[in-house]
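Each remark here refers to the structure printed beneath this line.
The values are calculated or read from the model by the stated rules, or taken from the named source; none is laboratory data. The structure displayed is predicted, hence computed values, not measured ones. Methodologically, a virtual Cβ is constructed for each residue, glycine included, from the backbone with ideal geometry; neighbour enumeration extends over all protein chains shown. When the accessible area is computed, the model is the full protein with side chains, heavy atoms only, and any ligands, DNA or RNA have been set aside. Shrake-Rupley method; radii C 1.70, N 1.55, O 1.52, S 1.80 Å.
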2 protein chains.
Amino acid sequence: MALTFHRIHTTPAGGRRGRIELPHRAVQTPVFMPVGTAGSVKAVPQDILESLGAELILGNTYHLYLRPGHDAIRRMGGLHRFISWPRAMLTDSGGFQVFSLSQLRKVTDEGVRFRSHLDGSSHFFTPEHSMDVQISLGADIAMAFDECTEYPAERSRAEESLRLTMAWARRSLDHFRAHQHEVPWIHNVAPASRPAVAGASSPAPGGGITQSLFGIVQGGMYLDLRRQSAERLVEMDFDGYAIGGLSVGEPRDLTLEMIAEVLPLLPADKPRYVMGVGYPDEIEQYARMGVDMMDCVLPTRAARHGLLFTSQGRMTIKNRQYAEDQQPPDPNCNCMVCRRYTRAYLRHLMQAGEPLSATLNTIHNLAYYLGIMERVRASLAIHQAGGDRFVPEGRRENSPG
Amino acid sequence: MALTFHRIHTTPAGGRRGRIELPHRAVQTPVFMPVGTAGSVKAVPQDILESLGAELILGNTYHLYLRPGHDAIRRMGGLHRFISWPRAMLTDSGGFQVFSLSQLRKVTDEGVRFRSHLDGSSHFFTPEHSMDVQISLGADIAMAFDECTEYPAERSRAEESLRLTMAWARRSLDHFRAHQHEVPWIHNVAPASRPAVAGASSPAPGGGITQSLFGIVQGGMYLDLRRQSAERLVEMDFDGYAIGGLSVGEPRDLTLEMIAEVLPLLPADKPRYVMGVGYPDEIEQYARMGVDMMDCVLPTRAARHGLLFTSQGRMTIKNRQYAEDQQPPDPNCNCMVCRRYTRAYLRHLMQAGEPLSATLNTIHNLAYYLGIMERVRASLAIHQAGGDRFVPEGRRENSPG
């Protein structure tokens, strides 16, 4: 059995307050997923991620495949155990990084041959191989192997790319269904001896709960191709659906148009995930439209470059104006960074090249993003039972779906 | 009034279990002080330092003077407040870094002219200026401005260096006594409005507790010069005494010889600090001889290069042999890193260049160093009252000194 998705409340605008039951965590949605590229949300210890309320983090298949390798991770019990993250995880298919990071790519119907950006070694990824790698990693949610259509793309190029992605979706699903029982933790449901994974929900005895696989809607910026893609994926019956190939350089109204076109075509009773978005106002907007899951490197990557997201707008913390500013980064934020440190100190850490800079900036940005989603979840639940009474999150979880 | 030093117990070998009452903290001794060079113990958030039990950390006057500048730090209420560290701090005099890091140094009796290693700008440090800078920073303990004699040094060179250091010690002390009331927090005893410094012991109303100044014994590797240096400093009557110019490349038996020669010459009722040491076995050895305070960049710097100190010896975590090692870094360690992460994961973080690597490695190494000192303190107190009964640390604090 794959994931279970409970819709707790749906607003007239289509926004859904829900909960996804995954093997390692019941995740409150809409959810923002911090990106833990190579098995670490950069610069942030796992216990701090937990205290920030992160329930579901992302790992990049391409990076983990190259280093330390999926076979090693399988031998160590899977990704959760390897990185000591007991809550839920999602892995991408590796496709996006193969196309954006690797060298000398050669795409055929069979798959993609590419050279590692790390050492130039040659590798061949097929949908089947991506599934094997992702099953070895053992995230709660795996993604179908797809080709992310670049922007801008001619219609003929978008059509060809979509043809490939749809064929690969079918092959991904078939291979996943045939092998999903091989996930490293399915036969290992006893509580782990290391405290590393203490707190993880144990899969049901007998391994009844396993990984889920999501299909990815592509089609470039062509509405009819997007529709076609969504309809064909829905026929295949994935456990959830993602919209990919967005936030690749297109104007934002186009992003919005594609999301608005695709969402109604996806089954209401399965989670919907828009990949790689976005700015704070975007994630709020999409969540209110009915997107249940989003991920983006923006809060973490921007933090390392000194860009903070705050309730008062974006703040380039390195600016001279903050040199003696004794205010917290965001006076309206209650995160562990804003409670303790000043803008002046964060600026100094950045100026001095101190490694603590990346850690504190990232903690704040993630707190800000996760805080947005917490507020969106609260507001999406307000109209429950037709009223506008606020229901605490803990109680909403027990409401009928 | 400067610090108060309580000797709780002294062993026959001279080891002292004690407590130093400082404006921001009552510090249990012997104590190891993590180094927070530029206002941050590299890669470790302040709350984690607190949870590790760090009571007294070091800041480098040279670095903080150059960036962000002592005037800025004074305007922001002093170093404790600037970096949000409510516990005790010590600043060095700036001398060591002027001699080891800066460029185009020119030493005269008056002071040292040098160029910044950051931007080549020209600066002039005198004993009086070092005191002014350290008073602006406002650490609980300041250090006299000295010249650290290099190793090896001819006798004539060591004599000349010592002459300078002794003259500068006198000038440091005179200037410090005349200006120590100018510390940024002495007239600001009300609890700070920002939670940043909540938990700091408020100085006594009226500013009765202020900074302390330590003199520094130099003299190269010449026993008679070391004795002469100690005797002259003791005549000057500092609040505590440091032994400097050690761990500068000399063989370890020479380090030990110098410490053994100097310790008995220092007043028993004042803290004794050996600067810049050392390896785990060294800090234990010196503490048992009667050294009350030590600092060293070794645990933090080595951590960033992947060298871990463990109960089983040193571990180069990047080594291939740890690639799938599922043990904690040190199976006998109960720190937050050893409780949660494996050697394989720490190796992966280092291999992948993940910033979390420095953070986790440093936390473990500091936990190891601080743990050594905790055990040494416990063992130094065992012979209290003539018996070998173990007295818990909390109770020992209330024992007669």
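Suppose we filter A:20, A:73, A:48, A:57 for residues that are in contact with a Gly (Cβ under 6 Å, 6 or more places away or on another chain) and modelled with pLDDT of 95 or more; which single one remains?
A:57
Considering each residue of the range B:31-80, count those that are closer than 20 Å to residue A:358 by Cβ and within 12 Å of chain A (Cβ to nearest Cβ), and give that number.
17
Quick one: residue A:109 ticks every box in (1) within 13 Å of chain B (Cβ to nearest Cβ); (2) open to solvent by 40 Å² or more (accessible area, probe 1.4 Å); (3) modelled with pLDDT of 95 or more except a single one, so which number is it?
Only one criterion is unmet by residue A:109, namely (1).
Does residue B:294 satisfy the condition of being at pLDDT 95 or above and in contact with a Leu (Cβ under 7 Å, 6 or more places away or on another chain)?
Here the answer is no, as residue B:294 does not meet what is asked.
Tell me the residue from A:303, A:344 that is in contact (Cβ under 8 Å) with a residue 40 or more places away in the chain and either touching a strand residue (DSSP E or B) at 6+ places or on another chain (Cβ under 8 Å) or crowded, with 19+ Cβ neighbours inside 10 Å (or both), please.
Being in contact (Cβ under 8 Å) with a residue 40 or more places away in the chain and either touching a strand residue (DSSP E or B) at 6+ places or on another chain (Cβ under 8 Å) or crowded, with 19+ Cβ neighbours inside 10 Å (or both) holds for just one of A:303, A:344, which is A:303.
So which residues in the range A:263-278 are in contact with a strand residue (DSSP E or B) (Cβ under 8 Å, 6 or more places away or on another chain) and either charged (D, E, K, R) or surrounded by fewer than 17 Cβ atoms within 10 Å (Cβ to Cβ) (or both), if there are any at all?
Across the range A:263-278, the qualifying residues are A:267, A:268, A:269, A:270, A:272.
When you look at residue A:338, is it in a loop (DSSP other than H, G, I, E, B), more than 9 Å from chain B (Cβ to nearest Cβ) and hydrophobic (A, V, I, L, M, F, W, C), yes or no?
Taking the combined requirement at face value, the residue does not satisfy it.
Here is a list: A:61, A:10, A:4, A:91. Which entry is free of Cβ contacts under 8 Å to residues at least 24 places away in the same chain, touching a strand residue (DSSP E or B) at 6+ places or on another chain (Cβ under 7 Å) and over 29 Å from residue A:338 (Cβ atoms)?
Going through A:61, A:10, A:4, A:91 in turn, the sole match is A:4.
Name every residue in the range B:343-359 that is facing another protein chain (nearest Cβ under 7 Å) and either within 17 Å of residue B:311 (Cα to Cα) or not acidic (Asp, Glu) (or both), in order of residue number.
Of everything in the range B:343-359, those that are facing another protein chain (nearest Cβ under 7 Å) and either within 17 Å of residue B:311 (Cα to Cα) or not acidic (Asp, Glu) (or both) turn out to be B:344, B:345, B:348, B:349, B:351, B:352, B:355, B:356, B:358, B:359.
Mind telling me which of the residues A:137, A:118, A:101 ends up being farther than 22 Å from residue A:162 by Cβ and in contact with a strand residue (DSSP E or B) (Cβ under 6 Å, 6 or more places away or on another chain)?
A:137
Rundown of residues vs (1) touching a Ser or Thr at 6+ places or on another chain (Cβ under 6 Å); (2) open to solvent by less than 10 Å² (accessible area, probe 1.4 Å), yes/no style:
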site: A:82; (1), (2): no, yes
site: A:90; (1), (2): no, yes
site: A:93; (1), (2): yes, yes
site: A:99; (1), (2): no, no
site: A:105; (1), (2): no, no
site: A:113; (1), (2): no, no
site: A:117; (1), (2): yes, no
site: A:120; (1), (2): no, no
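Which of the numbered conditions does residue A:175 fail, given that it passes all the others? Conditions: (1) out of contact with any Asp or Glu (no Cβ under 6 Å at 6 or more places or on another chain); (2) modelled with pLDDT of 95 or more.
(1) is the only condition that residue A:175 fails.
Specify the residue that is farthest from residue A:258 (Cα to Cα); the eligible residues are those in the range A:208-237 that are surrounded by 17 or more Cβ atoms within 10 Å (Cβ to Cβ) and at pLDDT below 95.
Only one residue fits best here, namely A:209.
Six or more apart or on different chains, Cβ atoms under 8 Å: show the pairs whose first residue is in the range A:365-384 and without any contact (Cβ under 8 Å) to a residue 24 or more places away in the chain and whose second is in a helix (DSSP H, G or I).
Short answer, once both residue conditions are applied: A:378/A:393.
Sort out which residues of the range A:347-401 are part of a helix (DSSP H, G or I), within 25 Å of the chain's Cα centre (by Cα) and at pLDDT below 95, and write them in order of number.
A:393, A:394, A:396
Residues of the range A:25-68 being open to solvent by less than 30 Å² (accessible area, probe 1.4 Å), over 23 Å from residue A:282 (Cα atoms) and assigned to a loop (DSSP other than H, G, I, E, B), which ones?
Selection gives A:38, A:39, A:40, A:43, A:44, A:45.
Looking for something at pLDDT 95 or above and of a type in the set (Val, Ile, Thr) - is there at least one such residue anywhere in the range B:192-206?
No, the conditions are met nowhere in the range B:192-206.
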